[in-house]
Amino acid sequence: MQYDFKEIEKNWQEFWAKNETFKAKNNSDKPKYYVLDMFPYPSGAGLHVGHPLGYIASDIYARYKRHKGFNVLHPQGYDSFGLPAEQYAIQTGQHPAVTTAANIKTYRRQLDQLGFSFDWSREVRTSSPEYYKWTQWIFIQIFNSWYNKTTDKAESIDTLISVFEAEGNANVQAVCDEGIAQFSSADWKSFSDKEQQEILLQYRLTYLAESEVNWCPALGTVLANDEIVNGVSERGGHPVIRKKMTQWSMRISAYAQRLLDGLNTVDWPQPLKDSQTNWIGRSEGAEVTFSLKDSDHKISVFTTRPDTIFGVSFMTLAPELELVAEITTPEQKAEVEAYIEATAKRSERDRMADVKTISGAFTGAYAEHPFTKEPIPVWIGDYVLAGYGTGAVMSVPCGDQRDYDFAKHFNIPIPNIFEGVDISEEAFSDKATTIIANSDFLNGLDYKKATQKAIAEIEKIGAGTGKVNYRLRDAVFSRQRYWGEPFPVYYVDGMPQMIAAEHLPIKLPEVDKYLPTETGEPPLGNATVWAWDTVNNEVVSNDKIDHKTVWPLELNTMPGWAGSSQYFNRYMDPNNEGEIFSKEAIDYWQDVDLYIGGSEHATGHLLYSRFWQKFMFDLGLVPKDEFAKKLINQGMITGTSAFVYRMNSNITVSKKMLGKDLSDADDLYKLTKDAVIKTVQLKKKLVFIPKSLFSFHEFKKWKRSKGMSEEEIKKLIETDLAKERLKSIEHLIPDDEKEFFDLEKYSISYSAEALHTDVSFVSSSDDLDVEAYKNWRSENSDAEFILQDGNYIVGREVEKMSKSKYNVVNPDAICEEYGADSLRLYEMFLGPLEQSKPWNTAGITGAHGFLKKLWRLYHSGAEGAFAVSEDEPSKDSYKTLHKTIKKVEEDIENFSFNTSVSTFMIAVNELSSQKCNSRAVLEPLAILVSPYAPHIAEELWKQLGHEGSISTVDFPKFEEKYLVESSKEYPVSFNGKMRFKLELPLDLSKDEIEAAVMAHEKTAQQLQGRTPKKVIVVPGKIINIVG
RNA sequence: GCUCGAGUGGUGGAAUUGGUAGACACGUUGGACUUAAAAUCCAAUGGACAUUAGUCCGUACGGGUUCAAGUCCCGUCUCGAGUACCA
């Protein structure tokens, strides 16, 4: 009986589905374990072999945990709202729901075919109304909350209202908008309903605010920074302007400190934590207020260097600040306005890319130094960003390079406040060696002491306070898109109103087209049935809007991260219609134990999810304020692209360059160009040359990487290349030009272009299936390939796996040829999970060969019949088994899956040579392999005579006694170099070992009469003889 | 620029607390079986010299610690990821 993986895999996949083998129960005597994958966006292209890497790893771990007696939750679903489906809808008119459903079907088939142990009964799709009902529900909870700094958590807005009613807002410590006017209890009560709502909106955790966005009028949409290239849209190249729009924002900044602190409590990769830490960007310093001369205005600045306050020689404001217009003097008005206008035209990208140009304008206003009372000129400059801190800086040119450059450029004085430091060339910003001078009460202090003292003095005179500032900004939560969650929001007199939870979900309306409306409204503006009837509590036709009981609904939709910010909790109770999840479910499952996914989500999904989790924790909805205990970033699988080299259709004949200096390939190239005699058109248009005939550019690269000497290059070019290999293209020269193909007389040069070829045409030894390539593209049908030894060897390069590079490998094809178990093993075998590594289909034969060998261990009967004996295994077989158990268990616990695959291979190699077919070894072996190659394991388990699935059978127990050795083959080193090996009993003492070694004939041979100075003996490890 | 990570054969990668560098696999070469191919099996495979024994070099580069360094320390280079007028 052959290893028929197709039949086996099909049967067991059916078995698992039919028996719901992997369905997790929400209550169990077993301990719980929650293994989660970052769910996929179902794209139209389907999966390539890179995608399942993380899923295979998490599946192995989930299966392992089942063997270890855990009740495992291992769900999967789809992040199915998103731009590609919408883009496709705009192009083809097909409803995104239709294409999304079709894509999901493909994904499901591909996932099923890989044998994952997902509990599909818990599948969620972010785009299904049953799911987004709860996304809308959370939005309402966030809207109905404010952040109380006193209790340091989110609270219901009702607690805020009662404070307002009782005593106004004077004592309220909240994370809220800036500059809210103070009001008393009586004021509050006298406010109209609308006024009250407006005030509350400034406190809510999600609020409407004007945010500046990249608006593209031609596309009618807002673009992300990376969708803009050189100031125009990436798609279509339309102009983009900065525009203020009223949008929903999430007050994530309220959680900045807790998001930072929480990182210390989770086992996540350090780089990921670092990037979140950077993103949150905590900096300590002081906020200092400067009065303006001859004006009531004040300017607040945030500085991390209050110790340098006596070094201030000017102030710089962001040009966007409204204050600028108010303080500019009439004389400077024209200049300032011109500068503001110029800045507005520059995109953020421009301002970022262009660090060297220094620009700014003087406002004519002067601020007053809080201590010296000296006048300080106020400038504006686009190196100051409106969105960070207060949008203003106190400029200390001696201590900050940007301030320094600015001061130099505009001839502003640069006072030196550092002891013994020369600032004539550049600013001095080394905090560690700072000693302050020329600074009144700060003189002689170091950075730390001066900072403390400065803050204390600033506070004493009421000019400011010590402050912690965060880079993290509130997150814009509105998108001008169709294919996203609709907001459960309607507007009464422009004020947003939440729809009561019992009327959710508010379903996405149908539209005729998915583009923005002609008046520039979001796509939902095209919906004709999109108004809220407050009497019947239903969505009704727009023409019923009467602004009495029927009101317009919100036209924006939620962003991509809305649906993915709490899905891990919903999996615990995904079909609950009455609650987001039951208390029992969340209390049982608590949080994710292991989360696997890509590092690209570091500052998006993984930050927002932590924010929502903390919010839900504050509300008492979830028991943990961090949702995932451990997280692993799987590396990317890159493609190994294959290249053919298309020769340009003419070659250049030049004077012979023998004897010339060829020390540099650049010179060589130039030389060839200068000495051109003639250009010869080839007989054939399409000629593909082997890599070794590729142009000089390739040589340069090769030379550098291989460190070739000049001599070697000469040899290669003048003899090898110029003569033998060039001969292979001689027949392409037209007969009447043959005289120029005299390699003794002339040099021939040409260039070629590297073109991607589909990797499926290339064999494991890099030779191209020329016929397949010719058939691939009609223009190639009569192309000529210059072969070497009968083959065309392609060039190889590792690149990102992508359709356009023709290096995508489809798992369907791999499963068809080798089976899912082979694919699973091979993906793990490639290398450490976290590392990125190139895919090379050729290597899969190793994994496949292993499975066949494994199969043969159990099928040693006549014609490969199943044959397992009840004999007692040999000592060696027991040893093989138990060292395998030990290693595999350690490896899984450490997520070192690649090494455990090697361990399996070694075990099977050993058992094969031991001719072991004992049940006592082969049964545990099947369980060991089961997490990695579940189909074959199930089949072997069944053949071993067991009923039901192998999936919850106890993991084999490691027993030390089988590994106990009586002797060790010691490596004997002389001066650290291993010279020979010596088998010695393990129970020998150090002295006995030394005696045995010294008595050995090879020792004498090595020593050649010398007396060793020292003999190092590490029992059980090594012997080193020095001298 | 800053932060983090990584450099080991032709390739992917192994290598416990410092203790036999290159496990395992691919590829390559030779051989067996076969009419042939596939499949399978056996052998060799870091480099150089010697080819019997063996010797020397070798984990990006230059130093250092140690009986012993891929592993620890200092410096340099290269590559990758993230991030950026962040005051």
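The values are calculated or read from the model by the stated rules, or taken from the named source; none is laboratory data. Remember, it's a predicted structure, so these values are computed and weren't measured experimentally. All Cβ positions, glycine included, derive from the backbone under ideal geometry; neighbour counts span all protein chains shown. The area values use the complete protein model at the heavy-atom level, side chains included, leaving out ligands, DNA and RNA. Shrake-Rupley method; radii C 1.70, N 1.55, O 1.52, S 1.80 Å.
Taking every pair of Cα atoms in the stretch A:122-225, average 1/r, invert it to obtain the Kirkwood radius, and report Rg/Rh to two decimals.
Result: Rg/Rh = 1.10.
Zone of A:ASP261 (label point 7 Å along Cα→Cβ, backbone N under 19 Å): which residues in the stretch A:459-494?
A:467-472
Hand me the trypsin sites (Lys or Arg not before Pro) from the stretch A:998-1027 located in a DSSP loop with no more than 14 other Cβ atoms within 10 Å, in residue order please.
When the trypsin sites (Lys or Arg not before Pro) of the stretch A:998-1027 are filtered for loop state and at most 14 Cβ neighbours within 10 Å, A:ARG1010, A:LYS1013, A:LYS1021 remain.
Excluding same-chain pairs closer than 8 in sequence, count the lysine pairs in the stretch A:732-835 whose Cα atoms lie under 30 Å apart.
4
Along Cα→Cβ, 7 Å out, is where each label goes; now give me the distance between the ones at A:SER121 and A:GLU337 in nm to one decimal.
According to this spin-label approximation, the distance is 7.2 nm.
Taking the DSSP beta bridges in chain A as the whole, what percent of them are antiparallel, to the nearest 5?
About 80 percent, rounded to the nearest 5.
Considering only protein heavy atoms, what per residue accessible area in square angstrom results for chain A with a 1.4 angstrom probe?
Result: 46 Å² per residue.
Helix A:919-929 sits at what angle to the longest principal axis of chain A, using alpha carbons and giving 0 to 90 degrees rounded to 10?
For A:919-929 against chain A, the angle is about 40 degrees.
In debye, nearest 20, what is the charge dipole magnitude of the stretch A:811-962 about its Cα centre with +1 on Lys and Arg Cβ and -1 on Asp and Glu Cβ, if you could check?
460 debye
Work the Kirkwood hydrodynamic radius out for chain A: mean of 1/r over every pair of different alpha-carbon atoms, inverted, in Å.
This gives a value of 35.3 Å.
How many nm separate the modelled label positions at A:GLU374 and A:ASN411, each set 7 Å beyond the Cα in the direction of the Cβ?
1.9 nm
Between A:ALA174 and residues 5 or more places away or on another chain, which pairs have amide H atoms under 5 Å apart, with H built 1.01 Å from N, and which residues are they?
Result for A:ALA174 returns A:LYS149.
Number of Lys pairs in the stretch A:502-595 with C-alpha atoms less than 29 angstrom apart, excluding same-chain neighbours closer than eight positions? Can you show the working numbers first?
Working: A:LYS507/A:LYS544; A:LYS507/A:LYS548; A:LYS507/A:LYS583; A:LYS513/A:LYS544.
Value for the stretch A:502-595: 4.
Rounded to whole Å and sorted largest first, list the principal axis extents of the Cα atoms in the stretch A:26-152.
Dimensions of the stretch A:26-152 along the principal axes of its Cα atoms: 52, 51, 23 Å.
Enter the angle in degrees (range 0 to 90, nearest 10) between the Cα long axis of helix A:333-345 and the first principal axis of the Cα atoms of chain A, meaning the one along which they spread out most.
30 degrees
Within the P(r) computed for the stretch A:811-962, what percentage of the Cα pairs occupies the region above 26 Å?
23 percent
Compute the length gained on full extension between A:THR465 and A:SER902: take 0.36 nm times their separation in residues and subtract their Cα-Cα distance, giving the result in nm to one decimal.
Length gained between A:THR465 and A:SER902: 151.2 nm.
With +1 on the Cβ of every Lys and Arg and -1 on the Cβ of every Asp and Glu, and nothing else charged, how large is the dipole of chain A about its Cα centre, in debye rounded to the nearest 20?
2660 debye
Using the Cα centre as the reference, give the magnitude of the dipole from point charges on the C-beta atoms of the stretch A:282-470 (Lys, Arg: +1; Asp, Glu: -1; all else neutral), rounded to the nearest 20 debye.
400 debye
Would you be so kind as to identify which of A:SER836, A:PHE164, A:ALA999 lies farthest towards the positive end of the dipole of chain A, taking Lys and Arg as +1 and Asp and Glu as -1 on Cβ and the Cα centre as origin?
Final value for the positive-end residue is A:ALA999.
Given the peptides A:841-847, A:329-335, arrange them by the average over their residues of other C-beta atoms within 10 Å, most packed first.
Most protected by this proxy first, the peptides run A:841-847, A:329-335.
Output the 0 to 90 degree angle, nearest 10, between the alpha-carbon long axis of helix A:605-618 and the longest principal axis computed from the alpha carbons of chain A.
The angle comes out at about 60 degrees.
Picking from A:MET572, A:PRO522, A:VAL592, whose Cα lies most toward the positive end of the charge dipole for the stretch A:511-599 (charges on Cβ: Lys, Arg +1; Asp, Glu -1)?
It is A:PRO522, whose Cα lies furthest towards the positive end.
Round to the nearest 0.05 the FRET efficiency obtained for A:SER190 and A:ASN576 when R0 = 30 Å and r is the Cβ-Cβ distance.
Computed FRET efficiency for A:SER190 and A:ASN576: 0.10.
What is the local net charge at A:SER869, summed over the other residues whose Cβ is closer than 14 Å to its Cβ (Lys, Arg +1; Asp, Glu -1)?
Combined, the nearby Lys, Arg, Asp and Glu give -2.
Which listed residue (A:SER185, A:GLY220, A:VAL288) has the Cα farthest towards the positive end of the charge dipole for the stretch A:184-312, taking +1 on Lys and Arg C-beta and -1 on Asp and Glu C-beta about the Cα centre?
A:GLY220
Within 10 Å of each candidate Cβ there may be at most 13 other Cβ atoms; applying that plus a DSSP loop requirement, which GluC sites (Glu not before Pro) in the stretch A:172-274 survive?
Passing sites in the stretch A:172-274 are A:GLU178.
Got a number for carbon plus sulfur as a percent of chain A's accessible area, 1.4 Å probe?
Carbon and sulfur: 49 percent of the exposed surface of chain A.
For the pair A:ASN19 and A:SER874, what calculated FRET efficiency results from E = 1/(1 + (r/R0)^6), where r is the Cβ-Cβ distance and R0 = 51 Å, to the nearest 0.05?
Numbers: r = 37 Å, r/R0 = 0.73.
Here the calculated transfer efficiency is 0.85.
For n ≥ 4 DSSP H runs only, could you compute -39500 (n - 2.57) per run for chain A, divide by its residues and tell me the 222 nm figure to the nearest 500?
Result for chain A, helices only: -9500 deg cm²/dmol.
So if R0 is 45 Å, what FRET efficiency would A:SER291 and A:ASP152 give, r being the distance between their Cβ atoms, rounded to the nearest 0.05?
0.85
If you average 1/r over every pair of different alpha-carbon atoms in the stretch A:282-470 and take one over that average, what Kirkwood value in Å do you get?
Result for the stretch A:282-470, one decimal place: 16.8 Å.
For the pair A:GLN270/A:LYS803, report the inter-label distance in nm, with labels modelled 7 Å from Cα in the Cβ direction.
4.0 nm
How large is log10 I(q)/I(0) at q = 0.15, 0.18 Å⁻¹ when the Debye formula is applied to the Cα atoms of the stretch A:530-639, each weighted equally and without solvent?
Reported log10 I(q)/I(0), two decimals: -0.80, -0.93.
Give me the extension gain from A:ALA842 to A:LYS105: residue separation times 0.36 nm, minus the current Cα-Cα distance, reported in nm with one decimal.
Result for the pair: 262.4 nm of gain on full extension.
What percent does the relative contact order of chain A come to when contacts are Cα pairs within less than 8 Å and at least six residues apart?
Relative CO of chain A lands at 12 percent.
Which loop GluC sites (Glu not before Pro) in the stretch A:411-507, with loop taken from DSSP, have no more than 12 other Cβ atoms within 10 angstrom of their Cβ?
Answer in residue order: A:GLU425, A:GLU426.
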